[in-house]
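None of the figures in this text is laboratory data; all of them are computed from the coordinates on show. Just so you know, these numbers come straight off a predicted model, no measurement behind them. Glycine gets a Cβ as well: all are built from the backbone with ideal geometry, and neighbour counts include every protein chain shown.
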Amino acid sequence: MIMIKLKHAIIAMFAMIGQFAYSQTSTVSGVVSDESGTPLPGATIVVSGTTNGTTTDFDGNYSLSNVGATDKLEFSYVGMTAKVVAVGNQTNINVTLEEDAQALEEVVVVGYGTQSRAEVTGAITTVGSEEISSLPVATADQALQGRAAGVTVLNSGSPGTAPVVRIRGLGTMNNNDPLYVIDGVIAGGLGDLNPNDIESINVLKDASTTAIYGSLGSNGVVMVTTKKGRRTGKTVINLDSYTGIQYSNQRYDLLNTQEYLQFAQDAFGFTPTSALSQSGNNTDFQDALFRTGVMQKVDLGISGGSENSDFRFSAGYLDQEGAVIETGFERFSFRANSNFTLGKFKFGETLAVSFNKQNPERNLGDRSLLEHAIKIAPYLPIYNPNNLQGFQGPSNGSDGQDAENPIRVQTLGEHVNKSSGIIGSLFGEYEIVEGLSFKSQVGLEYRNSSTNIFRPSYNDDSEGGNTHSSDFAAITRNSGLRKSIILTNSLNYSKTYNDLHNLEFLILAEKQEQSDELLNSNSQNPITNELDQVSNEQSFLESKSYEYNRIGYLARLNYNYDQKYILAASIRRDASSRFGENNRWGTFPSVALGWNIANESFLENSSINTLKLRGSWGITGNDRIEDYRYSATLLSNFFYPLGEGLATGTTPGGLANPDLKWEETIMKNIGLDFGFYDGKITGALEYYNNTSNDLLMDRPLPGSLGIHSGVVTENVGSVETSGFELNIGYNDFEGDFTWSANLNLGTSSNEVQSLGENESLSGGFFEGQNISRVEVGQPLFFFYGYETNGIYQTQGEVEAVLDQVPDDKGEVTYNAGDIRFVDQNGDRKIDDQDRVNIGNPYPDLTYGLNLDFNYKQLDLNMFISGVAGVDVYNTNIYDLEGMPRLFNAGTNVLNRWTGPGTSNSVPQAGGADENFTLISDRFVEDGSYTRLKNITLGYTLENTSLERYFSKCRIYVSGQNLITISDYSGLDPEIGNPLTNDGGSRRYELGIDRGNYPQPKSVLLGVQLSF
């Protein structure tokens, strides 16, 4: 009611300041086009409340006479949202019609085909092109954040870094990445795809929609459909460009030089003696590390078509400077899509080529750039021209610390990742008889990547030492090549009998061949910094190659009776080269039922236009493990002393397991779709329960077997995941002022059911212990550590709860001023038996709210996303408050414990090692946040002199991540991709903030033109 009143008030306001209407009649003419500027032939124009109307010609032109100044014109076109325009004194009215979101959802892209939305029985969320292109992101999966219920996206602020995408939570302790399919071609991700080329993304979430992919569907499927040309007889040119800046203004409060020198003396009894310590210099290394980066994007598309063909060609350029110095991403992309019809024969192709260049964040000494910026002494300048390479760092002796200069780490030499990729398909389809067609498609993914690292010799120590130095230039050259070919042949039969029985049957055979080649090399050059090529000097060289093959057969049946009662069933049989010969094949069935209640006679003429109950069950598989895990392997480059020399030897690398088989996930889903008042209110409610069995895990082996890996891979684990999802929207598309609001919510929880003979699994190494753990009865990768209860204020408090045996020096571990760890089992000592679940890094709730407002040529979009019920392990607190030895720190250390009653949160300096080495809830924080992900204000120019040049001209300004509401003390509560490149340990890094690259804020100015 409030929004309706607001709508009326806004309309009244504009009416009051408008011109008075004339009473005589006149002739009104103009052009009707779509959002891209393409004229719409056959569009209908009618004077409201009368039969006076006309239609547009082939060029979208119309002319209508006998129109009064007080009249309103109704413009409509199939598949478009109707628009009503008040005439007033206008005689030329050009109208742009937008695609009807509800009409677009009538046809949904599913695996190996399309379906009517009314016939879909599975859980599918569709994200349109406008939602994807509204954010200035390098990859389209970044734009999925908050757009689809049940989809969790963790973005990194580092340009060009792929996000972590999870569909309906975690189902395995192995690879949880979804399957990506681009125009029917299975792809390794969306990193090479220009978001502006995407027409829609459909996220498939339950067995009814994912089981058809068999061995690849257990983590969900992200299906991408790229834009095609329209068969209107017109060629349209679209230009979309923006330029802007991005920055990060969040900082930690650190000690300045005066505070640091006093802290060094008071806490550690040390006075720095280097000349620089008395210079009065006060360097803000955080400010030096961050910058304002420039972003720009240009996308050009040419599309069109005739009666029997269509085409679209596009080119794109993206240049994104990161908010951290010397980070950035650049991409050139090209795409060609075309389709042709010759009688009963259809054929076409999709082809995309991309060239990427990334300058990533660099890390040395297992410390992030941010950790270096926190720890380094503030009196040190960034540069010193007298040092080799011109940077200044500490001297161990006179400065008493060894934190590295983060500016030197990030800027000295170069670190460049490059890649080029080709992904495309060629298909042909022939209609044998009416309703029966045969289709054959071949798809290709080709990707070449390289990493080049060059670090010249340097010395930061101006005191004559070598605290941070290198006597040689270090060179690294790594390269990789992936080739994947997929051949799919299918036979599809679709027929309607007696106008009641709608039947579709699909049989399919598919084969995939994939090969990977890797070459890694590095060397040193002690002679010169002028050569950045690998040589034989202290060199290392290795090459690896992998082959992966998969073959599958699918049968699928879709049936509905009078659009009311729906049955969908499929069965897929797959074989994968990643499993032993005893269990190479897997079978993956699914079945789904649906009831379109809204189509029943008892709901005729009601306000309910959509009401569908649906449910599904099925089994999906997962073969995403390392190749050759089922077989015995050999490792060389081992040396054994024989006589006076070393002999090269080979040892067993792993134990064979021919019984290795598929991970399987049993999926159950029940959903309710609803819509009222001709689509003004829409929504869907889902409940899902997934149980993953036969999870692949490593079982420890006795050392006496002589197996180098020390483990054998077996199918022993089980995990259960469940949750709810809700989508609800309100759409008001009548009148000059229109608006819509769409909210999605998703919950997810998981519990480990079995680990076989393993008691637990651990990872996320930090200060001698593991942060993350997998254990029966607990969620995956929970934080495992000690609970704390303040600070011991007196030695009497320590002795009241702990029995401690003095060492040879008469000293005990815990004293007044140390952290009070909770003795969980009451045995009066603190040990591993006292570790418990101290946090869950996976959110209980994800949500997104999209708001659109339009008034005539003005448009406003606000998009809000967030998570709740998530924990973050903030290792930065260790750097800010740990005080293990002399480093710079946060200002909280000025309020550290110095005597009874002085602090109950920050311990004493130089106290028990356990204060900072034990994994504890002292470092766990609530990572919940709400973020204004995007706000865009646009204006479309109409009825101006520019129309002779452009069929559409829209200018806009937008901002991203401008407001974040969170209690998290770190720079960003959204912890994206981990810093480690070790695939085996990456999964344990979920929710661990090791100084990760924060999400930047950005402000853009853009223009969209159509010719």
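Things worth noting here:
- Around the Cα centre of the chain, unit charges on the Cβ atoms of Lys, Arg, Asp and Glu (plus for the first two, minus for the last two) sum to a dipole of about 2880 debye.
- Around the amide H of Ile182, modelled in the peptide plane, lie the amide H atoms of Ala187, Val224, all under 5 Å away and 5 or more residues distant in sequence or on another chain.
- Ordering Asn731, Pro658, Gln320 by the projection of their Cα atoms onto the charge dipole of the chain, which places +1 on the Cβ of Lys and Arg and -1 on the Cβ of Asp and Glu, puts Asn731 at the extreme positive end.
- Leading residue at positive end of dipole, the chain (Cβ point charges), from Leu918, Phe676, Leu613: Phe676
- In the range 766-891, a dipole from Cβ-located charges (positive for Lys and Arg, negative for Asp and Glu) runs towards its positive end, and of Gln824, Leu845, Phe783 it is Leu845 whose Cα lies farthest in that direction.
- In the chain, the calculated helix contribution to ellipticity at 222 nm averages -2000 deg cm²/dmol per residue, counting -39,500 (n - 2.57) for every DSSP H run with n ≥ 4.
- Our summary gives the range 423-505 a relative contact order of 31 percent, counting only alpha carbon pairs under 8 angstrom and 6 or more residues apart.
- Cα-Cα pairs of the range 21-99 separated by more than 14 Å (percent): 55 percent
- Taking a ≥ b ≥ c as the square roots of the eigenvalues of the alpha-carbon gyration tensor, the range 416-505 is classed prolate because a/c is 1.5 or more and a/b outweighs b/c.
- Shape of the range 164-284, Cα gyration tensor, a/c cut at 1.5: oblate
- Residue by residue, the range 256-261 carries 3J(HN,Hα) couplings of 7, 4, 4, 5, 5, 5 Hz when phi is fed to the Karplus relation 6.51 cos²θ - 1.76 cosθ + 1.60 (θ = phi - 60°); x denotes Gly or Pro.
- Proportion of all alpha-carbon pairs of the chain beyond 45 Å (%): 40 percent
- Neighbour-limited loop hits for trypsin sites (Lys or Arg not before Pro), the range 755-821 (at most 15 other Cβ within 10 Å; DSSP other than H, G, I, E, B): Lys809
- Sorting the segments 732-739, 620-627 by their residues' average number of neighbouring beta-carbon atoms within 10 angstrom, most packed first, yields 620-627, 732-739.
- Shape category assigned to the range 336-436 from the gyration tensor of Cα positions, a/c cut at 1.5: prolate
- Note that the range 382-387 has calculated 3J(HN,Hα) couplings of 6, 10, 8, x, 7, 8 Hz, one per residue in order, obtained from phi through the Karplus relation 6.51 cos²θ - 1.76 cosθ + 1.60 (θ = phi - 60°); glycine and proline are x.
- Among 588-597, 960-969, sorting by the average number of other beta carbon atoms lying within 10 angstrom of each residue, highest first, gives 588-597, 960-969.
- Helix 2-17 and the longest principal axis of the C-alpha atoms of the chain enclose an angle of approximately 60°.
- Cα-Cα over 23 Å, subset of Lys612/Lys680; Lys612/Lys933; Lys83/Lys933: Lys612/Lys933; Lys83/Lys933
- Net charge of neighbours whose Cβ lies under 13 Å from the Cβ of Tyr112, counting Lys and Arg as +1 and Asp and Glu as -1: -1
- What you get for the range 21-99, charging only the Cβ of Lys and Arg (+1) and of Asp and Glu (-1), is a dipole of about 300 debye around the Cα centre.
- Placed amide H near Tyr565: partners under 5 Å, 5+ positions off or other chain: Asn596
- Among 190-201, 853-864, the peptide with the highest mean count of other Cβ atoms within 10 Å heads the list, and the full ranking is 190-201, 853-864.
- Sequentially through the range 725-730, phi angles give Karplus couplings (6.51, -1.76, 1.60; θ = phi - 60°) of 9, 9, 10, 8, x, 10 Hz, Gly and Pro residues having no value and appearing as x.
- Look at the alpha carbon pairs under 8 Å that are at least 6 residues apart: their mean separation over the length of the range 21-99 gives a relative contact order of 39 percent.
- Contact order normalised by residue count of the chain, Cα under 8 Å, 6+ apart, percent: 11 percent
- For the range 55-78 versus the range 390-423, the spacing of their alpha-carbon centroids is 65 Å.
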